[in-house]
1. When the residues of segment 149-173 are narrowed to those that are of a type in the set (F, W, Y) and more than 24 Å from N91 (Cα to Cα), which ends up modelled with the highest pLDDT?
2. Being at pLDDT below 85, surrounded by 11 or more Cβ atoms within 10 Å (Cβ to Cβ) and not small (G, A, S), is that true of even one residue in segment 9-26?
3. With the structure loaded, tell me whether L45 is farther than 20 Å from A144 by Cα, without any contact (Cβ under 8 Å) to a residue 24 or more places away in the chain and either out of contact with any strand residue (DSSP E or B) (no Cβ under 7 Å at 6 or more places or on another chain) or surrounded by 14 or more Cβ atoms within 10 Å (Cβ to Cβ) (or both) or whether it fails that test.
4. Mind listing just one residue for me: the one in segment 76-96 that is of a type outside the set (A, V, I, L, M, F, W, C) and either crowded, with 19+ Cβ neighbours inside 10 Å or more than 17 Å from the chain's Cα centre (by Cα) (or both) and, of those, nearest to I127 (Cα to Cα)?
5. Just the residues that are polar (S, T, N, Q) and either farther than 29 Å from E165 by Cβ or under 13 Å from the mean Cα position of the chain (by Cα) (or both), please, taken from segment 43-75.
6. What is the number of the single condition among (1) in a helix (DSSP H, G or I); (2) in contact with a helix residue (DSSP H, G or I) (Cβ under 9 Å, 6 or more places away or on another chain) that L38 does not meet?
7. In segment 104-129, which residues are more than 14 Å from V150 (Cα to Cα), part of a helix (DSSP H, G or I) and out of contact with any Gly (no Cβ under 8 Å at 6 or more places or on another chain)?
8. Spot the failing condition for L140; the list is (1) over 21 Å from C56 (Cα atoms); (2) in contact with an Asp or Glu (Cβ under 7 Å, 6 or more places away or on another chain), and only one is missed.
Amino acid sequence: MNYDNILPPTLLLFAQAPPQSLPPEMDGALAAILAVILAFLAFFLIAGLVINAVICFLLSKCYRSIPEPYRLMPPIQVWLLMIPCFPLVWNFFVYLKLADSFKSYFNAVGRYDVGDCGKAIGLAYCICVCCTLLPYAGVLSALAALVLMVIFLIRAFQLKAMIAEFPQTFAYPPGQPGKPTGFAGGPPYNPHAGPYQPPNAP
């Protein structure tokens, strides 16, 4: 069967033309462009890993500052945030449990003036991180998540510094290990007590 009468003349000329190679100068320019693109991608990948590692270090440091009976998560588990894509879910555990751990500790020492210890900010951050996957809204969600994360870390380190004001010896009820009720040598923990009043300096 003769296809000359079926195909348009333009396609026949294209099919019969020999393949053309790019000039050497264009090959070099294309290779340079690809190298620059790969270098930028590698830079952003490494920078992202470094920033994520710094965040994990700061969060684990906050967890370690909380007395062990009040920690709702071991500090080592924070580093699971380094797993790609896993932070979309794990953020909800790390940030919210850190706020709850601070809240549990300060309630135990009679401090009720610390609010939610940043839990609402942490929840908003986790939601914004998930929203970064949405088209069009991803960039705005990423910027909001960055701001919320900085605010959360500032609040967490403020609470971390406040922990140094209290003694670290705990009194436990008999037969209930791991259930702190107060401090050794002091009154038992009263959940209905008013805001903490520091003792007067001598």
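1. F166
2. Yes, because at least one residue in segment 9-26 is at pLDDT below 85, surrounded by 11 or more Cβ atoms within 10 Å (Cβ to Cβ) and not small (G, A, S).
3. yes
4. Filtering segment 76-96 for residues that are of a type outside the set (A, V, I, L, M, F, W, C) and either crowded, with 19+ Cβ neighbours inside 10 Å or more than 17 Å from the chain's Cα centre (by Cα) (or both), the one nearest to I127 (Cα to Cα) comes out as N91.
5. The answer is N52, S60.
6. (2)
7. Selection gives S104, Y105, F106, N107, I127.
8. (2) is the only condition that L140 fails.
The values are calculated or read from the model by the stated rules, or taken from the named source; none is laboratory data. This is a predicted model, so every value here is computed, not measured. Cβ atoms come from the backbone with ideal geometry, glycine included; neighbour counts cover every protein chain shown.
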